[in-house]
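Please treat every number below as a calculation from the coordinates, not as lab data. Everything numeric here is computed off the predicted structure, so don't read it as measured data. Note that each Cβ is placed from the backbone with ideal geometry, even for glycine, and that neighbours are counted across all protein chains shown.
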Amino acid sequence: MWFWEVDHVLMLLAVLLIAIGLVAVAAASPATARRYSDASHIVPPMYYFWRQLMWVCVSLPVLIVVSMLPTAAARRLSVAGAVVFLGMMALLPVIGHEVNGAKRWISLGISDLQPSEFLKPMFIVTTAWILSFRAKDPELPVMIVTGALTALIGGLLMLQPDFGQTIVFGLVWVILLMIAGISPAAIAGLGGVAMAGVVAAYLFYGTARTRIDNFLFPTKEAALADRYQVEMAHDTLSAGGLFGAGPGSGQIKFRLPEAHTDYIFAVIGEEFGLIACGVIALLYLSIVIRVLTKLLDEEDPFRMLAAAGLATQFGLQALINMAVNTGIAPSKGMTLPFISYGGSSMIALSIGYGLLLAFTRRNPYLKRSPYTARWSKP
C-alpha cells in the first residue's frame, strides 16, 4: 500500500536532487581535497564523493522508512525528537565541538552531528500539531506556546552563534501561523517585532552586526573574510556561462572556500552552466508547488500544517543557499538540500523529506469529492 499511497512525483524529485548532488560533489571534491591537503596529509581527490555516496546509501533507507510511518507515529516521533535535539542544543556550550569559532556540532568520530539540522523538521511538525488544536478551540493560546518554543530555539541558536538558522526557524513559524489562520493584525504585529529584533541583533549581537556590515558596507578587512567568499562564489558561478566549462574542467573552484558544502551551487554553475542552475532551482520550486497543490483539499489541519511547513522549510533553505551563492544575501553557512556534501545534514534532510512524504500520502482507492469535501469511493 505504501507504494501506491506515496507521491511518486515527490519521490522522483528527491531522487533527482540526490543524483545531481552526487555529480556536484564529484565535481567539487578535487578542489576541497586540495584545499585540505598538506605535506603531512594528502586527501585523495575523490574522497568527498565516496563519503557522500556512503551517506546517500544510509540516508535513502531512512527516507523510505520514515515515509512509511502512519500519521500518529510520525507525529509522536517528531515530538519526541524535538525534545531530544532541543536538549542536545542546550548542552552544546558544554559538549559542543567548535569549528571556525562556532559550537554547533557534537563530534561522533566518523562525522559531526548538528542538532539544529535534525531539530528543524521535528520543530515544524511539533508546531503544526500545537497549532492544529486551534481548529477545535480558537481560544487556545497556541500562538503564545509556539512563540515561546521558537524564542527558546532562537536563543540557543544565537549562543552557538548561528544567526542564519535563527531566521529560518522564525520565518517558518510565521508562515505556519499564517496558514493556521492567525489574524492579520497579529501577523502585522509579529512583523514589527521581527524588525525590532533585527535592529536589536545588529546593535547588541556581534555576529549579526559583522555579517550585515560585511555584506552592506564591505571594507578591506571584510573582503578578506565573508565578502571574499561571496565574491568568489559569484565569480565561480558565472565563469561557466550558460553551458559550463564541462565536468572536471572548472578552475576557479580551486580558490573557492567550502566548495563541496555551502558553495556547491557555484561549482555547478562553473562546470555545468547557468542553465543547469536554473533547472535545479525549478526542481526545488516544483517540490513546493506540488505539496501545496496536494494540500488544497486536505481536511486534517495537522497534516496540512505539517506538510506545508516541511515544504516551506525545504524550499526556504534552498532559496537562501542560492541567494548566498549569487551574492544576493550574506554568507550564512547553509547547505543546499540533498546536493551539498554532509553526513548528518543528509540524514536530517532525509528524515524531514520522509515526514513530508508521510503527511502527503493518499489512498489511491479513495477519491475526494470537490462538492462534498468528503472522501468517497470513485
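Just to verify a number: FRET efficiency for Ser286 and Ile64, C-beta to C-beta distance, R0 = 22 Å, to 0.05?
Working: r = 20 Å, r/R0 = 0.93.
FRET efficiency, Ser286 to Ile64: 0.60.
For the chain, the longest principal axis of the C-alpha atoms and the axis of helix 184-204 are separated by about 30°.
With both labels modelled 7 Å from their Cα along Cα-to-Cβ, the Met46 to Ile144 distance reads 6.0 nm. In the chain, helices alone account for a calculated mean residue ellipticity at 222 nm of -22500 deg cm²/dmol, with every DSSP H run of four or more residues adding -39,500 (n - 2.57). Remark: Glu117, Glu270, Glu298 ranked as Glu298, Glu117, Glu270, counting other beta-carbon atoms within 10 Å and listing the fewest first. The range 266-316 and the range 90-152 have their alpha-carbon centroids 22 Å apart.
Here the residues Asp300, Asp262, Asp38, ranked from fewest to most Cβ neighbours within 10 Å of their Cβ, fall in the order Asp38, Asp300, Asp262.
Comparing mean-square fluctuations of Tyr365, Tyr284, Tyr353 from a GNM of the chain with C-alpha springs under 10 Å, the top value falls on Tyr365.
R0 = 30 Å: FRET efficiency of Val198 with Ile328, Cβ-based, nearest 0.05?
On the way: r = 17 Å, r/R0 = 0.57.
Efficiency computed from Cβ-Cβ geometry: 0.95.
Under a Gaussian network description of the chain, with springs only between Cα atoms under 10 Å, the residue in Ile95, Ile110, Ile42 that fluctuates furthest is Ile110.
How large is the dipole of the chain about the Cα centre if only Lys and Arg carry +1 and Asp and Glu carry -1, each at its Cβ, rounded to the nearest 20 debye?
Details: 26 positive and 22 negative charges, 147 e Å.
The calculation lands at about 700 debye.
Placing dummy labels 7 Å off each Cα toward the beta-carbon, the span from Trp2 to Ser238 is 4.7 nm.
Taking the number of Cβ atoms within 10 Å of each Cβ as an exposure proxy, the fewest-first ranking of Arg34, Arg303 is Arg34, Arg303. Between helix 142-159 and the chain, what is the angle of the helix's C-alpha long axis to the longest principal axis, kept within 0 to 90° and rounded to the nearest 10? That works out to roughly 10 degrees. For helix 71-95, what angle does its Cα long axis make with the longest principal axis of the chain, in degrees from 0 to 90 and rounded to 10? Tilt of helix 71-95: around 40 degrees. Between the range 327-360 and the range 1-72, the C-alpha centres lie 11 angstrom from each other.
Mean-square fluctuation check for the chain, GNM, Cα pairs under 10 Å: which of Gly327, Gly269, Gly189 is largest? Checking each option, the largest mean-square fluctuation is seen for Gly189. Sequence-distant contacts, meaning Cα pairs under 8 Å at least 6 residues apart, place the relative contact order of the chain at 27 percent. Here the calculated FRET efficiency for Leu12 and Ala135, from their Cβ-Cβ distance with R0 = 56 Å, stands at 0.95, rounded to the nearest 0.05.
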